[in-house]
Amino acid sequence: MSAPQPTQDDPRGYSILMPSGWSRYRVDADGKAAFQAKAVARMKAIGRPDLDVQMRLLISEQWKQLERTKAFAVYLPDQETNEWRPPISIAARKVAGSVGTDFETEVRNRFGVVPEKISTPLGEILRWRSSHSGSGELAEVRTVTLGYAFPAPVPQARLGLVFIAVLPHPDDVEPDVIEGSVELVDTIMETFRWR
């Protein structure tokens, strides 16, 4: 006997396409260990094993932040490239509105945003953008944050997935480079499909 096939009204997961050189990590101890091993190996390969402790601390802090936000997966461009790009990360998390609250209202309340609605073949998705400057030692770092919310394809959905892309960059980076990175993330998110 075969398992029932999911329908458009019964999503069983999702798919999303990432560019070459990107990897998906679960936000758990195994995912952290896998990413940490790859990052430490890269530091050794470029002759900087002295950065091992710093790298481990940064990754631990990043994973704590992902756990605090209840992300279940993070996508990272973790392979070497010949061109500079901001160290983009895209975290995925499930969001459920409380009883009586629809998905859009829950997204607005939880993230404190007024997203734009974009009509797609999947239906309406929500998108928002914000930016802020760092402080203290990170005063010269700016961060662009992009949010994408996909309600489950069911009537009056209160459940869905939210992807948060974070693009930190030095203050003096050319705006075209940042906008190119934003366009890359937009293109990645256009590949999202419910299964």
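The values are calculated or read from the model by the stated rules, or taken from the named source; none is laboratory data. Note that the structure is a prediction, hence the values are computed from the model and not measured. Backbone-built Cβ (ideal geometry, glycine too); neighbour counts: all protein chains shown. Heavy atoms of the whole protein, side chains included, go into the accessibility calculation; ligands, DNA and RNA do not. Shrake-Rupley method; radii C 1.70, N 1.55, O 1.52, S 1.80 Å.
Per-structure values
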quantity	calculated
Per residue solvent-accessible surface (Å²) - segment 74-133, probe of 1.4 Å	58
Mean Cα-pair separation over length for the chain, i.e. relative contact order, pairs under 8 Å, 6 or more apart, %	25
Cα-based radius of gyration of the chain once divided by 2.2 N^0.38 Å, which approximates compact folds	1.11
Most positive-pole-ward Cα, Val141, Ile178, Ser119, against dipole of segment 96-195 from beta carbon charges	Ser119
Expected 222 nm ellipticity per residue - DSSP helices of 4 or more, -39500 (n - 2.57), all of the chain, to 500	-9500 deg cm²/dmol
Of the GluC sites (Glu not before Pro) in segment 104-181, those whose Cβ has at most 12 other Cβ within 10 Å and which sit in DSSP loop	Glu140
Net charge dipole size for the chain [Lys, Arg +1 and Asp, Glu -1 on Cβ; Debye, nearest 20]	840
Spatially proximal lysines relative to Lys38 (Cα-Cα < 29 Å; intrachain offsets below 8 disregarded)	Lys64, Lys70, Lys94
